[in-house]
Amino acid sequence: MVDQGKGQKRQEVKMLNRKLLELTGVVNVESFDSEEFLLETELGYLAVKGQNLHMKHLSLEQGMVAIEGLVHSLAYMDSNNASSKSKGLFGKLFK
């Protein structure tokens, strides 16, 4: 995780009508499909669930991600849950 300034971590979450989600503080995109994104952020792993999700914009250098689609939920997870969830998503892809 990346520290900013005096050891403070920062993340901004902006959502417009549950159809456009813009996030800052993103370190890595662990996995994604049309129903779920798993993002590593400066404040922990974040799962974004919804329908017809797709990445509109990605800049890991700036730590920014924009996701379009119908957003159902945002949930932060600890690292143990995130790694098992990531394997589950890859398992879905390679069935």
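Can you tell me which residue is nearest to residue 45 (Cα to Cα) among those in the range 4-18 that are modelled with pLDDT of 80 or more and of a type outside the set (A, V, I, L, M)? Restricting to residues being modelled with pLDDT of 80 or more and of a type outside the set (A, V, I, L, M), the top hit is 11.
Among the residues that make up the range 39-57, is at least one of them in contact with a strand residue (DSSP E or B) (Cβ under 9 Å, 6 or more places away or on another chain), among the hydrophobic types (A, V, I, L, M, F, W, C), assigned to a loop (DSSP other than H, G, I, E, B) and closer than 17 Å to residue 78 by Cα? Within the range 39-57, one or more residues are in contact with a strand residue (DSSP E or B) (Cβ under 9 Å, 6 or more places away or on another chain), among the hydrophobic types (A, V, I, L, M, F, W, C), assigned to a loop (DSSP other than H, G, I, E, B) and closer than 17 Å to residue 78 by Cα. When residue 21 is tested against (1) hydrophobic (A, V, I, L, M, F, W, C); (2) surrounded by 15 or more Cβ atoms within 10 Å (Cβ to Cβ); (3) modelled with pLDDT under 95, only condition (3) is not met.
The residue that is nearest to residue 34 (Cα to Cα), counting only those in the range 44-89 that are at pLDDT below 55 and exposed (fewer than 12 other Cβ atoms within 10 Å of the Cβ), is 87.
The values are calculated or read from the model by the stated rules, or taken from the named source; none is laboratory data. Since the model is a prediction, treat every value here as computed from it, not as a measurement. Neighbour counts run over all protein chains shown; Cβ positions are idealised from the backbone, glycine included.
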